[in-house]
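The structure appears below as structure tokens.
The values are calculated or read from the model by the stated rules, or taken from the named source; none is laboratory data. All figures in this text were calculated on a predicted structure; none of them were measured in a lab. Cβ coordinates were reconstructed from backbone atoms using ideal geometry, including for glycine residues, and neighbour counts include every protein chain displayed. Note: areas computed on protein heavy atoms with side chains; ligands, DNA, RNA excluded. Shrake-Rupley method; radii C 1.70, N 1.55, O 1.52, S 1.80 Å.
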Amino acid sequence: MTLPSASREVVIIGAGPAGATLARELLRGGLKPLILDKAVFPRIKVCAGGLTIKALKFLPADLGPVLENEIRRVQLSFNLGRPFTKAWHQPLLYTVERQRFDAFLMDRVRQAGGEFGDGERLEKITAGPGDSCTLVTSRRVIIARVVVGADGARSSVARGAGLQPVDFWNLGLQMEVPRNLIKSASEFTRAISLDLGTLADGYAWVFPRGQVLIIGVGGPVHQGPQLKQYHGRLLSHLGLGELSFPLAAHLIPHRVTHRPVMRGRVLLVGDAAGLADFWTGEGIFSALHSARLAAQPILRFLQGETGALTDYQDRVDREITPELTASYQFAKLFNYLGPLVFKVLWRYDYPWEVFCRVMRGDRSFEEIKKRFRPDIFFRKLLLKSARNRPIA
């Protein structure tokens, strides 16, 4: 059967936060992109659903309908030991249900004039004719001048273009548990729980979302069996050892070197480019950031500036990669100093203040790495030595 053919200036594969943000930016620049996604929207997306404050600057202002819990407190534990709680006077993040959040962003794109083909799967991407790209989807053949892969960790666009942007793979395992089954559920009204130190490069989380709690663990993909055991320990720690709910898995890609995220007229953004934070596992912020960085080079290229697309690689390497590399380095340092770090964090407020400012985007791992001086750090530690007290 011969598929119908079409041509487009820009085709974005993937309608998650990165794809929707790029589409919105291109529409603002006067370009109407085509966005394709293999899933029919709204679709289920496995994700803890944490939306950091620093990510909000890249998003529409009217997010109120999809923001759920405002998080100002974090319950911390080391190796599932005795926890302690720290609070901040401003929101650290919000929780969202990705099914509603992603659909909301794409609704805004459609309202602005974007063309959206959900339920349309990319099957093949090849170079040509000429300087263009040919996409074969489940419905048609499309000739595109620029193709952007925003299709997540297992990017079909990256594979088709011969790009391998990922340095490390982590695996996330999580389940949704009704709040009414957890005695301590009230503790998570405006709080999340994080556990570190159980596995090298691993962590666990409990996030509130509507009427459920998202209970998950993450770590290196080769530690899959240990991660499953860790998740079982976490459930027992929460008093849920006898209960069974579906356990969902998702890959978390990490790029901490200057691997290519584009080739010719094909660009990768978000998880497709491996831009998840190594220490926290958070990927939405860099997905949004990379989408914004891609928009201007694409617009300039289509206006006749031949070499404009290469600016995207340069800007990712200057504005995103250093932060992801610094996060990776801090995570590795934590593997050696974890117990000491937790004791300092429990006893003193200054390290917690720094952590909160990083979470909110007021500081960065890269900035801390460049400016860190032990003498100044310990002086501030002593000046701000108010001991953590239990929070009601």
Completion exercise
Sorted by chain and number, the residues with a modelled amide H under 5 Å from that of ASN69, at a separation of 5 or more or across chains, are THR95, GLY210
Exercise for the section: Between the alpha-carbon centers of region 98-152 and region 206-280, tell me the distance in whole angstrom. Expected result: 25
Handout entry: Those lysines that a straight Cα-Cα span of less than 17 Å connects to LYS86, excepting residues fewer than 8 apart in one chain
Key = LYS343, LYS384
Completion exercise
Looks like region 263-330, by Cα gyration tensor root eigenvalues a ≥ b ≥ c and the a/c under 1.5 rounded cutoff (else prolate when a/b is bigger than b/c, oblate otherwise), is prolate
Problem - Backbone HN-Hα couplings from phi across region 305-320 [Karplus 6.51/-1.76/1.60, Hz, Gly and Pro as x] - result: 8, 3, x, 5, 4, 5, 4, 4, 4, 4, 6, 4, 5, 8, 9, 10
Exercise for the section: Per residue of region 260-275, in order, report the coupling 6.51 cos²θ - 1.76 cosθ + 1.60 (Karplus, θ = phi - 60°) as ³J(HN,Hα) in whole Hz, putting x for Gly and Pro. Expected result: x, 10, 7, 8, x, 9, 10, 10, 10, 10, x, 4, 4, 9, x, 9
Handout entry: Net dipole in debye of region 78-206 [+1 Lys, Arg Cβ; -1 Asp, Glu Cβ; about Cα centre; nearest 20]
Key = 220
Exercise for the section: Sort region 1-139 into rounded, prolate or oblate with this rule: let a ≥ b ≥ c be the square roots of the eigenvalues of the Cα gyration tensor; rounded if a/c is under 1.5, and if a/c is not under 1.5, prolate when a/b is larger than b/c, oblate otherwise. Expected result: prolate
Practice task
Whenever you get a sec, compute what percent of the accessible area on the chain sits on carbon and sulfur atoms (1.4 Å probe).
Solution key: 54
Problem - Estimated [θ] at 222 nm from DSSP helical runs (n ≥ 4, -39500 (n - 2.57)) normalised by residues in the chain, nearest 500 - result: -10500 deg cm²/dmol
Fill in the blank from the handout: Nearest-0.05 FRET efficiency for LEU243 and ARG190 at R0 = 25 Å, using Cβ-Cβ distance, is 0.50
Fill in the blank from the handout: Note to self: C-alpha centroids of region 302-338 and region 19-44 sit apart, in Å, by 23
Exercise for the section: Any lysines with Cα under 22 Å of the LYS45 Cα? List them, leaving off those in the same chain fewer than 8 positions away. Expected result: LYS54, LYS228
Handout entry: Accessible area per residue in Å² at 1.4 Å probe, computed on region 123-212
Key = 42
Practice task
Skip the ligands, DNA and RNA, and give the accessible area per residue of region 219-292 with a 1.4 Å probe, whole Å².
Solution key: 41
Exercise for the section: Report which label in (1) 22.3, 69; (2) 21.7, 74; (3) 20.3, 65 holds the value of Rg and Dmax of the Cα atoms in Å derived from the coordinates of this structure. Expected result: (2)
Handout entry: Difference of contour (0.36 nm per residue) and Cα-Cα distance, LYS369 to HIS89
Key = 98.3 nm
Exercise for the section: Just subtract the alpha-carbon distance of THR126 and THR2 from 0.36 nm times their residue separation and send over the number in nm, one decimal. Expected result: 42.9 nm
Practice task
For the chain, with a Gaussian network of springs between Cα atoms less than 10 Å apart, report the residue from TRP169, TRP88, TRP279 with the top mean-square fluctuation.
Solution key: TRP88
Practice task
Please find, in a Gaussian network model of the chain (springs between Cα atoms separated by less than 10 Å), the residue of GLN164, GLN99, GLN211 whose mean-square fluctuation is greatest.
Solution key: GLN211
Fill in the blank from the handout: Cα-based Rg then Dmax for region 69-190, in Å, read 21.5, 63
Fill in the blank from the handout: HN-Hα couplings for region 16-26 via Karplus (6.51, -1.76, 1.60; θ = phi - 60°), in whole Hz with x for Gly/Pro, come out as x, x, 5, x, 5, 5, 4, 4, 5, 5, 5
Exercise for the section: Report the full-extension gain for the segment ARG300 to GLN211: residue separation times 0.36 nm, less the Cα-Cα distance, to one decimal in nm. Expected result: 27.4 nm
Practice task
Send over a whole-number figure in Å² for the accessible area per residue of region 6-56, probe 1.4 Å.
Solution key: 34
Completion exercise
With +1 at each Lys and Arg Cβ and -1 at each Asp and Glu Cβ, the charge dipole magnitude of the chain around its Cα centre, to the nearest 20 debye, comes out at 820
Exercise for the section: Please list, or write none, the aspartates and glutamates whose alpha carbon is within less than 12 Å of the alpha carbon of LYS332, excluding same-chain residues fewer than 8 places away. Expected result: ASP201
Practice task
Could you work out which residue, out of LYS370, LYS124, LYS32, moves most in a Gaussian network model of the chain, that is, has the largest mean-square fluctuation with Cα springs under 10 Å?
Solution key: LYS370
